[in-house]
Amino acid sequence: MVSTKLYTAIYVVLFVSATIQVLVEFAGLSYWLAFGVIMVLSAAKAVLVAAYFQHLRFEPRSLTYLVGIGLAAALALTLAASYSLL
């Protein structure tokens with residue numbers, strides 16, 4: 001069983017990274033730099049949520065790899081869609 005302190009720490013990390021994403025949006029950075037920072041933060045948040053709140057950390061590794069492949073495919077599709085916008 002995971003402790004309440006760990007869930008609270010994960011919540012704080014997710015909240016801080018979401019705040020950083022908003023600040024990056026308003027910072028006036030170039031499109032690709034802001035896009036890269038936001039994508040890295042989003043991927044890290046997705047991994048944290050999947051690992052702890054969806055309990056993938058305690059599942060067999062094959063299931064974790066399957067979800068990881070789905071995440072990689074979603075990121076690839078997002079990159080392809082952003083490239084087509086320009």
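The values are calculated or read from the model by the stated rules, or taken from the named source; none is laboratory data. Quick caveat, the model's predicted, so the values are computed rather than measured. Glycine gets a Cβ as well: all are built from the backbone with ideal geometry, and neighbour counts include every protein chain shown. For the accessible areas, the whole protein counts, side chains as well, though only heavy atoms, and no ligand, DNA or RNA atoms are used. Shrake-Rupley method; radii C 1.70, N 1.55, O 1.52, S 1.80 Å.
Conditions tested, residue by residue: (1) part of a helix (DSSP H, G or I); (2) open to solvent by less than 80 Å² (accessible area, probe 1.4 Å).
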residue	(1), (2)
VAL2	no, yes
VAL16	yes, yes
GLN21	yes, yes
LEU33	yes, no
ILE38	yes, yes
LYS45	yes, yes
VAL49	yes, yes
GLY70	yes, yes
ALA73	yes, yes
When LEU6 is evaluated against the numbered criteria (1) of a type outside the set (Ser, Thr, Tyr); (2) part of a loop (DSSP other than H, G, I, E, B); (3) open to solvent by 60 Å² or more (accessible area, probe 1.4 Å), which criterion, by number, is the only one it fails? (2)
Any chance you could count how many residues in the stretch 52-66 are open to solvent by 60 Å² or more (accessible area, probe 1.4 Å), under 20 Å from LEU14 (Cβ atoms) and free of Cβ contacts under 8 Å to residues at least 24 places away in the same chain? 4
Somewhere in the stretch 49-60, is a residue basic (Lys, Arg) and at pLDDT 90 or above? no
Is it the case that the stretch 75-82 has a residue that's over 22 Å from THR4 (Cβ atoms), touching a Phe, Trp or Tyr at 6+ places or on another chain (Cβ under 7 Å), loosely packed, with under 14 Cβ neighbours inside 10 Å and of a type in the set (S, T, N, Q)? yes
Give the stretch 65-86 a look and list any residue that's of a type in the set (S, T, N, Q) and more than 21 Å from SER17 (Cβ to Cβ), or say none. SER84
Can you run down the residue pairs with Cβ atoms below 9 Å, 6 or more apart or on separate chains, where the first is in the stretch 33-51 and under 15 Å from LEU6 (Cα atoms) and the partner is at pLDDT below 90 and polar (S, T, N, Q)? ALA50/THR64; ALA51/THR64
